[in-house]
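Encoded as structure tokens, the structure appears first; notes follow it.
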Amino acid sequence: MLELWSRYRKYTRLLLVCLASFVLLSYQQSRPNGLWLAEGIAAVAAPIQAAFARVHRGAVGLWTTYLEWKALRLDAERLRTEVTALRLRQLRQDELESENVRLRALLALRERLPVQTIGAEVVAREWNGFTRALTINRGRSDGLDRLAPVIVTGGVVGRVMEVRGASALVQLVTDPASSIAGVVNRTRAQGLVEGVAGGRMRLKLPAREEGVSPGDLVFTSGIGGIFPKGLPLGRVTRVHAAAGLFRIADLEPAVDVATVEEVLILPRGVLMDLNGAFSEG
């Protein structure tokens with residue numbers, strides 16, 4: 001018997017379910033208010049269905065929110081990339097405009113100078129506590145001479161100290177080893193302009209010389225045969241009391257050598273007065 005029940009168990013269950021359904025339907029149709037069973041089932045099932053609906057809506061809303069957040073994140077990353085590209089483009093544009101202004105000013109100075117000059121770009125800088133120098137991309141192959149003056153539109157940068165095949169080393173006016181004969185423009189008092197550690201300069205005058213005051217401009221005097229007369233060197237910021245054989249005046253360099261990118265090299269040994277070229281600029 002048990003073996004027979006196990007063999008036909010599936011069919012027996014199906015028969016019982018069908019029979020139960022037939023009985024319930026017959027009973028429901030035979031009653032005047034035959035919908036009570038459906039209403040009861042609906043009353044039980046409705047909260048369950050509502051709960052499932054809320055869960056479904058919540059899941060759909062959560063998924064939609066995730067997709068929207070993901071899309072917004074992609075848009076934000078794209079916008080950040082575009083903003084970065086625009087900033088880099090603007091920086092390049094600003095750099096090109098700045099370079100254009102510098103080159104135009106340098107070209108204007110070159111045209112005003114009565115001597116032939118050589119243009120060069122700064123390719124390296126050497127900064128330490130004592131030595132201050134620039135490396136330029138012109139050398140022996142371009143006809144450069146040692147000790148040739150190096151200038152920009154603002155004034156003197158330094159002098160060529162070492163000439164190589166395709167480059168040269170420029171000693172700056174702020175190098176403590178640098179010294180240039182200078183003259184105070186207002187009083188024509190003459191002295192020696194020296195570099196000072198820290199990127200500064202000073203004017204050394206005879207102790208008896210009093211023709212210098214803060215604000216005075218100092219130019220090259222032309223004495224020494226290296227720098228022509230009339231090149232701007234700096235402006236006096238402070239005058240110290242005479243001590244010993246000398247009177248010292250602090251100078252602010254006419255050229256910010258830390259920002260120089262293009263220069264002009266003058267021929268060595270030019271003895272003419274170039275003051276007019278700079279006063280016009």
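The values are calculated or read from the model by the stated rules, or taken from the named source; none is laboratory data. Computed from a prediction, not measured in an experiment: that's the story for all the values here. Here the Cβ positions follow ideal geometry from the backbone for every residue, glycine too, while neighbour counts run over all protein chains shown. The area values use the complete protein model at the heavy-atom level, side chains included, leaving out ligands, DNA and RNA. Shrake-Rupley method; radii C 1.70, N 1.55, O 1.52, S 1.80 Å.
Identify, by number, the condition in (1) modelled with pLDDT of 90 or more; (2) open to solvent by 40 Å² or more (accessible area, probe 1.4 Å) that Thr259 doesn't meet.
(1)
How many residues, within segment 71-82, are charged (D, E, K, R) and open to solvent by 100 Å² or more (accessible area, probe 1.4 Å)?
Looking only at segment 71-82, we keep the residues that are charged (D, E, K, R), and these are 73, 75, 77-78, 80, 82.
Narrowing the set further to residues that are open to solvent by 100 Å² or more (accessible area, probe 1.4 Å) leaves 73, 78, 80.
Within segment 71-82, residues that are charged (D, E, K, R) and open to solvent by 100 Å² or more (accessible area, probe 1.4 Å) number 3.
Which of (1) over 21 Å from Val156 (Cα atoms); (2) open to solvent by 90 Å² or more (accessible area, probe 1.4 Å) does Glu111 not meet, given it meets every other one?
It is condition (1) that Glu111 fails.
Could you list, in sequence order, the residues of segment 202-226 that are under 16 Å from Leu251 (Cα atoms), open to solvent by 60 Å² or more (accessible area, probe 1.4 Å) and not charged (D, E, K, R)?
Hits for segment 202-226 are Pro214, Leu217.
Give the number of residues within segment 115-132 that are open to solvent by less than 90 Å² (accessible area, probe 1.4 Å) and modelled with pLDDT under 85.
The qualifying residues number 5.
Of (1) crowded, with 22+ Cβ neighbours inside 10 Å; (2) within 19 Å of His240 (Cα to Cα), Ile180 satisfies all except one. Which?
(2)
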